[in-house]
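Here is the structure we will look at.
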Amino acid sequence: MKHAKVGFLMTDEVVSVVGRTPCADVAALLVEHDISGVPVLDADERVLGVISRADLLVQDDLAAQDLMTAPAVTVHAEQTVTEAARLIARRGVSRLPVVDEEDPLVGIVTRRDLLRVFLRPDHEIRRVLVEDVLADTMGIGADAVGVRVVDGVVTLDGRLSKSSQIPVALRLAGQLDGVVAVIDRLTAHSNDTRTRTAPPASRSGGACAWSPSRKSSPTT
């Protein structure tokens with residue numbers, strides 16, 4: 001089960017400037033579109049850097065290429081939202097220009113865009129888990145597993161046909177964007193493995209709680 005891709009989240013109508021754009025014109029664009037920064041492009045629409053409101057406070061008689069932050073921190077459309085969020089957090093930027101395989105600009109994604117994924121509502125997590133993970137990916141009927149999601153914590157309760165399906169269901173559930181932990185209350189009709197292999201767990205009251213790798217959530 002793959003995480004959401006940057007390409008599905010990005011804004012593809014990007015406000016941008018070229019290196020020779022006067023800073024006064026850049027400032028006017030930021031105000032007009034109510035944004036905090038724009039990519040600076042070359043003649044082939046490749047990203048040279050990024051210029052923000054903070055950069056423009058230096059002086060207004062220069063061009064974008066004189067004040068931009070370069071090289072730009074970019075992301076590819078096929079990278080996951082989690083990768084983009086970690087990159088934003090690690091590099092301390094507010095936005096990432098999105099480029100294609102040959103590096104021309106195709107979109108832009110901001111901290112706010114990424115935050116929407118990590119704040120995915122419980123009912124949406126449950127829908128994706130039931131329909132996409134259990135039914136489509138694993139071929140498990142809706143009556144076999146009870147799925148409950150509260151504040152991003154998923155509880156799986158029911159009996160599967162084979163014990164080998166249990167760690168798969170736990171792993172796929174934990175990989176969904178927005179899931180912070182998975183509680184295992186699954187059993188199986190038959191044991192088709194010698195030793196049940198499960199993700200690292202801590203037991204409480206007979207239940208197994210598994211927390212997937214914590215994502216670096218961006219801040220606005």
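Summary table
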{"read-out": "Evaluation of LEU156 against (1) within 17 Å of ALA188 (Cβ to Cβ); (2) loosely packed, with under 13 Cβ neighbours inside 10 Å; (3) in contact with a strand residue (DSSP E or B) (Cβ under 9 Å, 6 or more places away or on another chain) (one fails), failing number", "value": "(2)"}
{"read-out": "Test result for VAL47, touching a residue at least 40 places away in the same chain (Cβ under 8 Å) and in the same structural domain as VAL17 (by TED's automatic domain parsing)", "value": "yes"}
{"read-out": "Test: residue in the range 20-36 that is among the β-branched types (Val, Ile, Thr) and under 18 Å from ARG112 (Cα atoms)", "value": "yes"}
{"read-out": "Any chance ASP184 is at pLDDT 90 or above, in contact with a helix residue (DSSP H, G or I) (Cβ under 7 Å, 6 or more places away or on another chain), on the phi < 0 side of the Ramachandran plot and not small (Gly, Ala, Ser)", "value": "yes"}
{"read-out": "VAL40 surrounded by 14 or more Cβ atoms within 10 Å (Cβ to Cβ), assigned to a loop (DSSP other than H, G, I, E, B) and of a type in the set (Val, Ile, Thr)", "value": "no"}
{"read-out": "One residue from GLY158, GLY146 being part of a strand (DSSP E or B), without any contact (Cβ under 8 Å) to a residue 24 or more places away in the chain, of a type outside the set (S, T, N, Q) and more than 29 Å from PHE8 (Cβ to Cβ)", "value": "GLY146"}
{"read-out": "Yes/no for GLU102 being under 30 Å from ASP12 (Cα atoms), in the same structural domain as ASP12 (by TED's automatic domain parsing) and among the charged types (D, E, K, R)", "value": "yes"}
{"read-out": "Residue list for the range 45-99, restricted to those being of a type in the set (Gly, Ala, Ser) and either under 23 Å from LEU9 (Cβ atoms) or in contact with a Lys or Arg (Cβ under 9 Å, 6 or more places away or on another chain) (or both)", "value": "GLY49, SER52, ALA63, ALA64, ALA72, ALA77, ALA84, ALA85, ALA89, GLY92, SER94"}
{"read-out": "Positions within the range 31-67 being of a type in the set (D, E, K, R), within 20 Å of GLY107 (Cβ to Cβ) and touching a strand residue (DSSP E or B) at 6+ places or on another chain (Cβ under 9 Å), in sequence order", "value": "ASP42, ASP44, GLU45, ARG46"}
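The values are calculated or read from the model by the stated rules, or taken from the named source; none is laboratory data. Fair warning: this is a prediction, and the values are worked out from it, not measured in the lab. All Cβ positions, even for glycine, are placed from backbone atoms using ideal geometry, and neighbour counts span all protein chains on display.
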